[in-house]
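Asker: The structure that follows is given in the form of structure tokens.
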Amino acid sequence: MIINGKIQSEKLRKQIKKELLEICKTTKDVPKLSVILIGDYLPSQMYVSNKEKKAKEVGIKSEVIRYPETISEKEILDKIKSLNKDSEVTGILVQLPLPKQISQKKIINTIDPKKDVDGFNPLNVGNLASGYEGIVPCTPLGCIKLIKSVEENLTGLHAVIIGRSNLNGKPMAQLLLKENCTVTILHSKSRDIKNECKRADILVAAVGIANLVQSDWVKKDCIVIDVGINKLGDQIVGDVKFDDVKSKVKAITPVPGGVGPMTIACLLSNTLECFKAR
Ligand code: GUN
């Protein structure tokens, strides 16, 4: 089975639009997402224009604030502080990666946790790790929704994650733990990665190595979620060798058309949640 991220994300976006229409009957306010985009890195430009388009479609106001690559850290921090104070702004997202002169840690720490639609602020990270309510990073949240579209009850399943980043691997592990999975995180220093993957009932590849996972890395009936977006020649491929793996496993997400659209839908869902909480 191929998990269709486009269809799943469309369902979620429809729900968001409906809920927002309902809320907006009683409030004059509408949610607003402010995105800061620094430099002209093409993938970031593409993600951001997609986010903007999809936000508008569900009725979320969206603004993109663009800066040149050479902008100072202070100017960005001042902008975030003014967006924090702006009562019209529901959500703030600073598109990563950042230029060298800007500290990711300082940026993330400056965003008001209540407007942190990425869920990267340490308060939200801590809430997730403690099993408390909070904003959950969009990509792992989207992955869980895709996994649950195949298998509702994940209790006792062995989930293996390749990658330990703050954006994907670590929050993914927390969400799978919350679903009562047994979780293994693999990374560049892990031993015997292939055999560890073979034990997985759920395999999440979020490492950024094109076509790393091949059919002899997965067991039959595994659910495979491919978070990778890698350029290979003029093609975009995931971390999983899709054509090789698809016929062996229970379910798999394609790249593109799998996790990517769900990430954006979850960003909109997080923006709606911030709006409701306010
Ligand atoms: N760059 C790539 N993915 C993401 C994301 O989920 N959030 C932000 N802010 N930047 C990204």
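The values are calculated or read from the model by the stated rules, or taken from the named source; none is laboratory data. Since the model is a prediction, treat every value here as computed from it, not as a measurement. Reconstructed Cβ throughout: ideal geometry from the backbone, glycine too, with neighbour counts over all protein chains shown. Please note that ligands, DNA and RNA were not included when accessible areas were found on the heavy atoms of the full protein model with its side chains. Shrake-Rupley method; radii C 1.70, N 1.55, O 1.52, S 1.80 Å.
Asker: With respect to ILE23, is the statement that it is in contact (Cβ under 8 Å) with a residue 12 or more places away in the chain and either closer than 17 Å to ASP118 by Cβ or in a loop (DSSP other than H, G, I, E, B) (or both) true?
Answerer: When the stated conditions are applied, ILE23 does not pass them.
Asker: When you scan the range 75-100, how many residues do you find that are open to solvent by less than 40 Å² (accessible area, probe 1.4 Å) and assigned to a loop (DSSP other than H, G, I, E, B)?
Answerer: Number satisfying all stated conditions: 6.
Asker: Name every residue in the range 135-163 that is open to solvent by 20 Å² or more (accessible area, probe 1.4 Å), away from the ligand (no atom under 16 Å from the Cβ) and touching a helix residue (DSSP H, G or I) at 6+ places or on another chain (Cβ under 8 Å), in order of residue number.
Answerer: Across the range 135-163, the qualifying residue is only SER149.
Asker: Then there is this: So, in the range 173-204, of the ones that are part of a loop (DSSP other than H, G, I, E, B) and of a type in the set (Gly, Ala, Ser), which residue ends up surrounded by the most Cβ atoms within 10 Å (Cβ to Cβ)?
Answerer: Looking at residues that are part of a loop (DSSP other than H, G, I, E, B) and of a type in the set (Gly, Ala, Ser), I get ALA200.
Asker: For residues in the range 84-117 being away from the ligand (no atom under 14 Å from the Cβ) and of a type in the set (Ser, Thr, Tyr), which is nearest to the chain's Cα centre (by Cα)?
Answerer: Among those residues, the one meeting the criterion is THR90.
Asker: Let me ask another. Looking at SER130, is it closer than 18 Å to PRO140 by Cβ, open to solvent by 60 Å² or more (accessible area, probe 1.4 Å), of a type outside the set (A, V, I, L, M) and away from the ligand (no atom under 16 Å from the Cβ)?
Answerer: Considered against the rule, which asks whether it is closer than 18 Å to PRO140 by Cβ, open to solvent by 60 Å² or more (accessible area, probe 1.4 Å), of a type outside the set (A, V, I, L, M) and away from the ligand (no atom under 16 Å from the Cβ), SER130 comes out as yes.
Asker: Hey, another quick one. Whether any residue in the range 215-224 is in contact with a helix residue (DSSP H, G or I) (Cβ under 8 Å, 6 or more places away or on another chain), small (Gly, Ala, Ser) and free of Cβ contacts under 8 Å to residues at least 60 places away in the same chain is what I want to check.
Answerer: Checked against the condition, which is being in contact with a helix residue (DSSP H, G or I) (Cβ under 8 Å, 6 or more places away or on another chain), small (Gly, Ala, Ser) and free of Cβ contacts under 8 Å to residues at least 60 places away in the same chain, the range 215-224 yields at least one hit.
Asker: Okay, moving on. Condition first: touching a helix residue (DSSP H, G or I) at 6+ places or on another chain (Cβ under 9 Å), open to solvent by 50 Å² or more (accessible area, probe 1.4 Å) and over 15 Å from HIS158 (Cα atoms). Can you find one or more residues in the range 251-269 that meet it?
Answerer: Yes, the range 251-269 has at least one match.
Asker: Is it true that VAL35 is more than 30 Å from GLN235 (Cβ to Cβ), within 16 Å of the ligand (Cβ to nearest atom), of a type in the set (A, V, I, L, M) and within 22 Å of the chain's Cα centre (by Cα)?
Answerer: For VAL35, the condition - more than 30 Å from GLN235 (Cβ to Cβ), within 16 Å of the ligand (Cβ to nearest atom), of a type in the set (A, V, I, L, M) and within 22 Å of the chain's Cα centre (by Cα) - is not met.
Asker: Test SER72 against the criterion of being polar (S, T, N, Q) and open to solvent by 30 Å² or more (accessible area, probe 1.4 Å), and give yes or no.
Answerer: When the stated conditions are applied, SER72 passes them.
Asker: Continuing with this model, one more query. Just the residues that are buried (at least 20 other Cβ atoms within 10 Å of the Cβ) and more than 16 Å from the ligand (Cβ to nearest atom), please, taken from the range 223-236.
Answerer: Within the range 223-236, the first condition is being buried (at least 20 other Cβ atoms within 10 Å of the Cβ), and the residues that meet it are 223-228.
Those that are buried (at least 20 other Cβ atoms within 10 Å of the Cβ) and more than 16 Å from the ligand (Cβ to nearest atom): ILE223, VAL224.
Asker: I've got another one for you. Only one of LYS246, LYS219 is within 16 Å of ASN4 (Cα to Cα) and charged (D, E, K, R). Can you tell me which?
Answerer: LYS246
Asker: Identify, please: which residue in the range 56-69 is touching a residue at least 40 places away in the same chain (Cβ under 8 Å) and either assigned to a loop (DSSP other than H, G, I, E, B) or within 14 Å of the ligand (Cβ to nearest atom) (or both) and is, among those, least open to solvent (accessible area, probe 1.4 Å)?
Answerer: Result: ILE60.
Asker: Let me ask something else about it. Give me a count of the residues in the range 1-31 that are closer than 27 Å to ILE107 by Cα and buried (at least 20 other Cβ atoms within 10 Å of the Cβ).
Answerer: Residues that pass the stated criteria total 1.
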